[in-house]
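*Asks:* One structure is given below, represented as structure tokens, and several questions about it will come after.
What follows draws every value from the coordinates through simple rules; no lab data is involved. Just so we're clear, the structure is a prediction, and the values are computed from it rather than from any experiment. Here the Cβ is made from the backbone with ideal geometry for all residues, glycine too, and neighbour counts use every protein chain on show.
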Amino acid sequence: MNYSKKVKLHTFEWKGTLVYTPFASHDMVSLVGSVSGGRLGAQAFLHTQPKSHVAGDVLAEAHAAMLLEGTKKHSKKELQITLDAIGASLSFMASADRLVFHASVRPQHLNALLNIIREVLTEPTFAEKELSVLKKRMQSDLSLEAVDPKAQSRIHLSRILFPVGHASREDLSQESMKSVVACTRKTLQDYHKATIARSSLFVSIAGDISERESQKLIDTYFKKLPNPTALTIEYVSAPPVAHRKVRTHVREKTSVEYSLGSAIGIMDSHPDYAALMLGMQILGVPGFTGRLMSIVREQEGLTYGIYASVNSSARIEGAALIKASFAPQLFEKGRASTLHEIKRLVEKGVTATEVRKHIAMYESRSLVALSNSSACAGLAHRLISEGHIPQYFDDFLKKYRALTVKDVNKALKKYLNSSNLSESAAGALSK
Amino acid sequence: MKASLKKVRSIYGVTEYMLSNGLRVLYKRDASAPVVAVCITYHVGSRNETPGCTGSTHILEHLLFKDSKKFNTKNGKSITGYLEWMGAQVNATTWLDRTNYFELVAAADVEKALALEADRMRGSLFNDADLASEMTVVRNEYEQGRNSPYRLLHEMLLAEAYKVHPYRIPTIGNKEDIESSTAKKLREFYDTFYWPNNATLTVFGDISPRDLERLVIKYFGSIKKSPHAIPAMTVVEPLQEKARQVEMSYPAGVSIAMSMYRIVEATHPDFAALSVLAIILAGGRSSVLQRAIVDSGIASDFEVEMPPLHDAGWLGFTATIDDVKKTTKVFALIQKSINYIAAHGVSKVELKRAQEFILTTSAKARDGVFGDALAVSECIAAGDWTFDYKLEKMVASITSTDVKRATHYLTKQTNSLGVLKNSL
């Protein structure tokens with residue numbers, strides 16, 4: 001695959017960027033776009049403000065959710081009617097450092113959709129009434145989260161692995177609830193003014209539309225977005241920390257959700273990253289071919305699913321993570337088996353056959369995954385918004401192909417050190 | 001006798017073939033990406049299970065990832081890994097009306113996918129040991145599902161809405177039945193339902209018609225049709241005569257209100273009008289009930305579901321609320337909105353919005369060959385693989401009168417209400 005030759009990158013005079021991926025979709029256009037902001041952007045903004053009890057995560061999430069709640073020109077109801085009438089899907093969400101929108105629409109309605117995106121980015125009202133309804137929704141979601149074993153397992157592990165201020169550290173559900181109460185219209189308005197900047201805009205388009213038409217439309221609709229001085233986002237480092245273990249009992253649940261991991265202290269541009277990624281793929285790639293699935297599930301029948309991953313990006317130091325679900329009575333056995341397999345992987349290493357097969361699989365998966373317009377738009381946006389150019393994708397594949405057993409084993413020994421592996425279990429555990 | 005693949009018809013861009021052993025084959029050429037989606041849909045789901053054997057279809061789906069004659073751990077071609085090592089996306093799912101096994105593979109690997117699906121159709125070798133190791137896996141899947149308050153209430157409500165029809169039992173089965181499964185019973189189930197004349201193979205993607213025909217004959221042509229007639233499921237749910245209600249208490253963090261109306265099967269002529277009615281009521285953020293229930297702050301979330309099913313299905317609404325006392329208000333608003341449409345019909349704007357919503361949802365589902373093939377699999381399960389394509393046309397011609405008329409299905413007599421009270 002020669003990805004970089006396929007994808008077209010265009011930077012406008014006003015500094016926004018379009019990335020276009022040709023894909024012969026039938027009657028559908030997919031868009032993914034973003035501006036600088038997200039959880040870290042909100043955190044950076046709050047540092048410039050008098051003390052507030054709202055947290056960056058909640059501010060970023062509330063801001064994204066409020067964009068579709070009404071503009072100076074159109075009420076929430078009118079916006080909703082327009083979107084529904086053209087059958088468009090449009091959602092905003094906060095990622096670690098971006099305010100991201102996902103949209104899809106039939107080509108004949110693309111103009112109308114872009115007009116709405118432009119309008120909500122430039123003229124949202126953040127009406128008190130809608131904010132009050134949103135707060136109720138957020139509190140309800142947090143109430144569900146507080147008794148969701150998967151969420152609790154994940155949240156507690158994030159608090160062990162990542163320091164305060166890191167993009168992946170999550171607040172406790174109870175803390176977030178208090179933060180929701182503290183979120184005000186004024187804070188949202190001020191944050192909006194500070195974060196929507198055309199020079200930080202990336203839009204990725206794929207589907208039933210030409211490159212030329214895409215360029216014309218993005219230029220037309222977004223060149224007049226405001227352009228304040230960019231927020232200075234701080235990327236807190238996340239070096240490995242000593243092992244810790246936390247268990248959270250959740251009433252009347254029937255399984256134990258188990259998360260295990262270690263902060264790695266490197267970004268995806270680090271020379272070791274590809275080798276570690278391959279090692280984690282061998283350990284627990286989604287599907288049945290990872291070691292954990294073939295042993296802990298297929299041979300021992302201890303879990304429905306157990307997977308491993310590593311999640312750094314170009315600016316964020318991530319972690320090596322393993323996640324599984326166990327029946328309460330099999331939890332200790334499943335945990336022991338998981339730890340044993342990790343130890344065996346690190347101490348005895350991977351084999352040449354595993355390295356060869358997993359590299360081939362990764363390459364084919366990358367090709368197969370790009371089989372719809374939404375996936376094409378999503379990948380291109382991810383690369384660009386993380387600070388890469390399309391060539392990065394081809395270069396990374398090249399680097400992956402060149403990895404050796406020695407590279408992988410060295411990376412696993414260095415980053416998957418069992419003394420640094422922390423654990424979080426939540427669900428049907430004895431108190 | 002030599003197998004033959006007979007072209008039945010080409011419609012909606014799909015060519016339908018029939019193999020001499022009764023296997024229906026659906027094919028669409030789509031070269032938008034160098035991939036092929038392969039999906040085999042068996043016309044057996046949890047609706048075909050008998051009392052005491054609930055969950056069998058789902059457990060069998062798990063066991064069909066164990067060894068088969070030509071794809072096994074001994075020859076290094078285990079079903080779980082064979083296609084995945086080639087980068088394919090592989091999985092299977094079981095639901096009320098069907099079981100499907102599917103792969104998205106690079107175009108060069110389509111032959112391998114077809115070979116594997118053909119082999120496990122009649123050549124699965126699962127045994128007691130396989131079942132024993134898989135039982136804990138299935139139990140874990142069951143227990144994970146029991147963590148969801150929505151699922152708990154939904155199951156309880158379906159068991160109330162359906163008194164005799166198998167839709168009353170969740171696809172994953174009852175715990176006692178799951179635990180008393182035996183390889184022998186599952187083998188009988190396999191031998192009853194897993195035959196070419198009880199399956200439809202869908203192949204969409206970058207493959208020529210000539211290659212498709214050659215490969216289907218090569219791999220599926222030698223499989224014999226079933227020596228017996230495939231048993232039909234004949235249970236008919238009696239008419240509901242009065243409203244029903246269930247309640248439960250659970251530490252969910254929120255309370256939940258569900259309202260479910262028993263309606264018609266997907267292939268019924270009124271299904272299109274009901275689809276439009278469902279969207280006008282609760283599909284999209286500008287729908288009547290989203291505005292009345294969510295935007296007003298009564299509920300934090302409101303969802304609608306109307307699965308296209310083989311037998312008479314349901315139209316359901318789910319509201320997430322902070323105070324269980326609001327359930328009465330939610331239920332009253334739902335019925336009031338239905339009654340209003342029954343009396344006054346819907347506006348042209350509402351109608352147009354719902355039609356566009358359905359057409360776009362359909363276009364989105366078909367974005368890429370994988371989504372397209374899986375969407376067709378649901379239509380196959382509902383009893384007519386052209387269902388989605390027909391529905392699009394039918395929806396476009398629905399009138400306000402049709403929608404008004406469809407409200408007669410949504411009465412207190414056909415209604416079942418479910419309340420989950422947060423005990424935290």
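*Asks:* Could you tell me the calculated FRET efficiency between A:T229 and A:K73, based on Cβ-Cβ distance and R0 = 30 angstrom, to the nearest 0.05?
*Replies:* With R0 = 30 Å, the Cβ-Cβ based efficiency is 0.65.
*Asks:* Related question: Please provide three numbers in whole Å: the alpha-carbon extents of segment A:43-121 along the principal axes, with the largest listed first.
*Replies:* Result, largest extent first: 46, 24, 15 Å.
*Asks:* So for the pair B:R210, B:R168, with labels modelled 7 Å out along Cα→Cβ, what separation do we get in nm?
*Replies:* 5.7 nm
*Asks:* A further question on this structure: Could you give the nm distance between label points at B:K175 and A:E363, where each point is 7 Å from its Cα heading toward the beta carbon?
*Replies:* 4.9 nm
*Asks:* When only C-alpha pairs under 8 Å and at least 6 residues apart count, what is the relative contact order of segment B:5-220, in percent? Each step should come with its number before you reach the end.
*Replies:* On the way: 378 pairs, mean separation 79.4, N = 216.
37 percent.
*Asks:* 5 Å is the cut-off here: which amide hydrogens, built 1.01 Å from N in the peptide plane, fall below it relative to B:R244, excluding neighbours closer than 5 in sequence?
*Replies:* Amide H neighbours of B:R244: B:N415, B:S416, B:L417.
*Asks:* Using alpha carbons only, how many angstrom separate the centre of segment B:345-399 from the centre of segment B:151-221?
*Replies:* Cα centroid of segment B:345-399 versus Cα centroid of segment B:151-221: 24 Å apart.
*Asks:* Spin-label point model (7 Å from Cα, Cβ direction): what's the B:H344 to A:S237 distance in nm?
*Replies:* The modelled label-to-label distance comes out at 6.6 nm.
*Asks:* Here's another thing I want to ask about it. Restricting to DSSP H runs of at least four residues, report the calculated mean residue ellipticity at 222 nm for chain B, -39500 (n - 2.57) per run over all residues, nearest 500 deg cm²/dmol.
*Replies:* -12000 deg cm²/dmol
*Asks:* Specify whether the C-alpha gyration tensor of segment A:295-373 places it in the rounded, prolate or oblate class, a ≥ b ≥ c being the square roots of the eigenvalues: rounded for a/c under 1.5, otherwise prolate if a/b is larger than b/c and oblate if not. Mind showing how you got there, number by number?
*Replies:* Working: a/c = 1.65, a/b = 1.55, b/c = 1.06.
Because a/c hits 1.5 or more and a/b exceeds b/c, segment A:295-373 counts as prolate.
*Asks:* Follow-up. Count, for each residue of B:76-88, the Cβ atoms from other chains sitting within 10 Å of its Cβ, then give me the mean as a whole number.
*Replies:* Taking all residues of B:76-88 together, the mean is 5.
*Asks:* Within segment A:177-273, which trypsin sites (Lys or Arg not before Pro) sit in a loop by DSSP and count at most 16 neighbouring Cβ atoms inside 10 Å?
*Replies:* Answer in residue order: A:K223, A:K224, A:R244, A:R251.
*Asks:* Here's something else I'd like to know. Compute the longest continuous run of chain B that contains no exposed trypsin sites (Lys or Arg not before Pro); treat a site as exposed when its DSSP state is not H, G, I, E or B and it has at most 11 other Cβ atoms within 10 Å.
*Replies:* That gives B:243-424 as the longest site-free run.
*Asks:* Sticking with this structure for a sec: What would the Debye formula give as log10 I(q)/I(0) at q = 0.12, 0.13, 0.18 Å⁻¹ for the alpha-carbon point model of segment B:203-343, no solvent?
*Replies:* Cα-only, vacuum Debye calculation for segment B:203-343: -0.68, -0.73, -1.07.
*Asks:* Run through segment A:1-79 and list the trypsin sites (Lys or Arg not before Pro) located in a DSSP loop whose Cβ has at most 15 other Cβ atoms within 10 Å.
*Replies:* A:K15, A:K51, A:K72, A:K73
*Asks:* Still on this structure: Got a sec? Charge dipole of the protein assembly as shown, +1 on Cβ for Lys and Arg, -1 for Asp and Glu; which of A:Q174, B:V419, B:V254 is way out at the positive end?
*Replies:* A:Q174
*Asks:* Roughly how many debye, to the nearest 20, is the charge dipole of chain B about its Cα centre, given +1 on each Lys and Arg Cβ, -1 on each Asp and Glu Cβ, and no other charges?
*Replies:* 800 debye
*Asks:* Using the Kirkwood radius built from alpha carbon pairs, what does the Stokes-Einstein equation give as D for chain B at 4 °C and 1.567 mPa s, in µm² per second?
*Replies:* After rounding, the answer is 56 µm²/s.
*Asks:* Which one of A:L121, B:F189, B:L152 is farthest out on the positive end of the charge dipole of the protein assembly as shown, using unit charges on Cβ (Lys, Arg +1; Asp, Glu -1) and the Cα centre as origin?
*Replies:* My answer, from the dipole projection, is A:L121.
*Asks:* A further question follows. Rounded to the nearest 10 degrees, what's the angle between the helix A:128-146 long axis and the longest principal axis of chain A, both from Cα atoms, 0 to 90?
*Replies:* That helix lies at roughly 10 degrees to the long axis.
*Asks:* Per residue of chain A, what 222 nm ellipticity follows from adding -39500 (n - 2.57) for every DSSP H run with n ≥ 4, rounded to the nearest 500?
*Replies:* Result for chain A: -14000 deg cm²/dmol, rounded to the nearest 500.
*Asks:* Moving to a separate point now. Given axes a ≥ b ≥ c from the Cα gyration tensor, I'd like to know whether the protein assembly as shown is rounded (a/c under 1.5), prolate (a/b larger than b/c) or oblate.
*Replies:* Rounded is the answer for the protein assembly as shown, as its axis ratio a/c remains below 1.5.
*Asks:* Quick one: among B:P196, B:P209, B:P307, which has the greatest mean-square fluctuation in a GNM of chain B with alpha-carbon springs under 10 angstrom?
*Replies:* Among B:P196, B:P209, B:P307, the largest mean-square fluctuation in the Gaussian network model of chain B belongs to B:P209.
*Asks:* Any chance you could check the Cα centroid distance between segment B:86-130 and segment A:1-30 for me, in angstrom?
*Replies:* 35 Å
*Asks:* So, R0 is 35 Å and r is the distance between the beta-carbons of A:D395 and B:E111; what FRET efficiency does that work out to, to 0.05?
*Replies:* Result of the calculation: an efficiency of 0.60.
*Asks:* Just to confirm the number: angle between the C-alpha axis of helix B:369-382 and the first principal axis of chain B, 0 to 90 degrees, nearest 10?
*Replies:* For helix B:369-382, the angle is close to 70 degrees.
*Asks:* Counting only residues 5 or more places away or on other chains, whose amide H sits under 5 Å from the amide H of A:S204 once H atoms are built in the peptide plane?
*Replies:* A:V19, A:V32, A:G33
*Asks:* What is the Cα convex hull volume of segment B:114-189 when expressed per residue in Å³?
*Replies:* 136 Å³
*Asks:* Compute from the Cα atoms of segment B:5-220 the Rg and the Dmax, the latter being the longest Cα-Cα distance, and quote both in angstrom.
*Replies:* Spelled out, the Cα radius of gyration and Dmax of segment B:5-220 are 18.2, 51 Å.
*Asks:* Given +1 on the Cβ of Lys and Arg, -1 on the Cβ of Asp and Glu, and no further charges, what dipole in debye does segment B:343-424 carry about its Cα centre, rounded to the nearest 20?
*Replies:* Magnitude of the dipole: close to 460 debye.
*Asks:* Work out how far the C-alpha atoms of segment B:244-422 reach from end to end along every principal axis, then list the three figures in whole Å, largest first.
*Replies:* So the three principal-axis extents are 44, 36, 29 Å.
*Asks:* Now, a different point. Exactly which chymotrypsin sites (Phe, Trp or Tyr not before Pro) in segment A:1-79 are in a DSSP loop and have at most 14 other Cβ atoms within 10 Å?
*Replies:* A:W14
*Asks:* Rounded to whole Å and sorted largest first, list the principal axis extents of the Cα atoms in segment A:3-222.
*Replies:* Result for segment A:3-222: principal-axis Cα extents of 48, 39, 34 Å.
*Asks:* If you don't mind, another one. Is the C-alpha gyration tensor of chain A telling us rounded, prolate or oblate? Criteria: a/c under 1.5 is rounded; beyond that, a/b larger than b/c is prolate, otherwise oblate.
*Replies:* Working: a/c = 1.90, a/b = 1.32, b/c = 1.44.
Judged from the Cα gyration tensor, chain A comes out oblate (a/c at least 1.5, b/c at or above a/b).
*Asks:* Using alpha carbons only, how many degrees (0 to 90, rounded to 10) separate the axis of helix A:373-385 from the longest principal axis of chain A?
*Replies:* 90 degrees
*Asks:* For a quick check, take a GNM of chain A with Cα springs below 10 Å and name the residue from A:T82, A:T48, A:T11 with the largest mean-square fluctuation.
*Replies:* Comparing A:T82, A:T48, A:T11 in a Gaussian network model of chain A, the most mobile one is A:T48.
*Asks:* Assuming R0 = 35 Å, what is the FRET efficiency of B:M135 and B:Y12, from their Cβ-Cβ distance, to the nearest 0.05?
*Replies:* 0.25
*Asks:* OK, next. Please give the residues of segment B:258-297, grouped as numeric ranges, whose backbone N is less than 15 Å from a label point set 7 Å along the Cα-to-Cβ vector of B:E305.
*Replies:* Within reach of a label on B:E305, which here means backbone N under 15 Å from a point 7 Å along Cα→Cβ, segment B:258-297 contributes B:258-263.
*Asks:* Then there's this: Got the relative contact order for chain B handy, in percent, Cα pairs under 8 Å and 6 or more residues apart? Provide the component values of the computation, followed by the final result.
*Replies:* On the way: 816 pairs, mean separation 93.2, N = 424.
It rounds to 22 percent for chain B.
*Asks:* Which whole-angstrom value gives the distance between the alpha carbon centres of segment A:372-431 and segment A:68-133?
*Replies:* Using only Cα atoms to place each centre, the spacing works out to 32 Å.
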